[in-house]
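J.: Sharing a structure with you now.
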Amino acid sequence: MTTHELEEFLAPMRHEYADPRSLILPALRYAQGDAGWLDPQAMAAVAEATGFSQAYVESVASFYDRLYLEPVGRRVINVCVTLSCMLRGSDEIFEHLADYLGLDGEGTTDDGMFSLHKVQCIGACDRAPCLQIDAGQQIGPLEPADATCLVDDLREAAAPARYDR
């Protein structure tokens, strides 16, 4: 990811935001792009393209649980653990998925295919318990067996681009 690419991406939306800090989040999402995570060079490019310090950009990136500061699998499964999902069984779904994927809690499978994370509200409380695939598709309500079938389906499907440019 280059500063020039980010500047081109941000140019049409600069006039939409009264506060230039509002550009940081779309720039970070774009920079996360195909790699699926924000490496130090991507952070530096966002800082340069937005005119903010790298430390400030990193503070924004570290706040959001769907911006990844370390490499992730080709498919990312985010299990909502907020109250409504937790009360309807998200803890059991998470543990079931971790066991099925051979993980000891959150992490990435040895083959690099899946990363499993606990996240806060994904805005689908009416479908609790719910999970999110690749920071996009929300699926719920689910039972642990449904989550296993989902992993099998994802394993057979091609991994999509991380961010639709």
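J.: Would you mind computing, in nm to one decimal, how far apart the modelled labels at SER59 and ALA35 are, each placed 7 Å from Cα along Cα→Cβ?
T.: Those two pseudo-labels are separated by 2.3 nm.
J.: Okay, next question. Restricting to DSSP H runs of at least four residues, report the calculated mean residue ellipticity at 222 nm for the chain, -39500 (n - 2.57) per run over all residues, nearest 500 deg cm²/dmol.
T.: Taking each H run of at least 4 residues, the total per residue is -12000 deg cm²/dmol.
J.: In addition: Can you compute the FRET efficiency between GLN137 and GLU106 using 1/(1 + (r/R0)^6), with r the Cβ-Cβ distance and R0 = 22 Å? Round to the nearest 0.05.
T.: That pair, GLN137 with GLU106, gives E of 0.65.
J.: Here is a further query. Expressed as an acute angle from 0 to 90° and rounded to the nearest 10, what is the orientation of the C-alpha long axis of helix 54-63 relative to the principal long axis of the chain?
T.: With rounding to tens, the tilt is 20 degrees.
J.: What is the local net charge at THR82, summed over the other residues whose Cβ is closer than 12 Å to its Cβ (Lys, Arg +1; Asp, Glu -1)?
T.: For residues surrounding THR82, the net value is 0.
J.: If the chain between SER22 and MET113 were fully stretched, how many nm would it gain, using 0.36 nm times the residue separation less the Cα-Cα distance?
T.: Taking 0.36 nm per residue and subtracting the Cα distance, the gain is 29.5 nm.
J.: Ok, one more. May I ask you to work out the translational diffusion coefficient for the chain at 37 °C, viscosity 0.692 mPa s, via Stokes-Einstein with Rh from the Kirkwood sum over Cα pairs, reported in whole µm²/s?
T.: Details: Rh = 16.8 Å.
The diffusion coefficient I find is 196 µm²/s.
J.: Taking 0.36 nm per intervening residue step and subtracting the Cα-Cα distance, what contour gain separates ALA145 from GLU95 on full extension?
T.: 16.8 nm is the gain from fully extending ALA145 to GLU95.
J.: Something else: Given bins 10 angstrom wide, list per bin the percent of all Cα-Cα distances in the range 75-156, short to long.
T.: Bins of 10 Å from zero give 21, 59, 19, 1 percent of pairs.
J.: Please work out how much length the chain gains when fully extended from LEU87 to CYS121, using 0.36 nm per residue of separation minus the C-alpha to C-alpha distance, in nm with one decimal.
T.: Between LEU87 and CYS121, full extension yields 10.9 nm more.
Read-outs: derived from the displayed coordinates by stated rules, not from any lab. Note that the structure is a prediction, hence the values are computed from the model and not measured. Methodologically, a virtual Cβ is constructed for each residue, glycine included, from the backbone with ideal geometry; neighbour enumeration extends over all protein chains shown.
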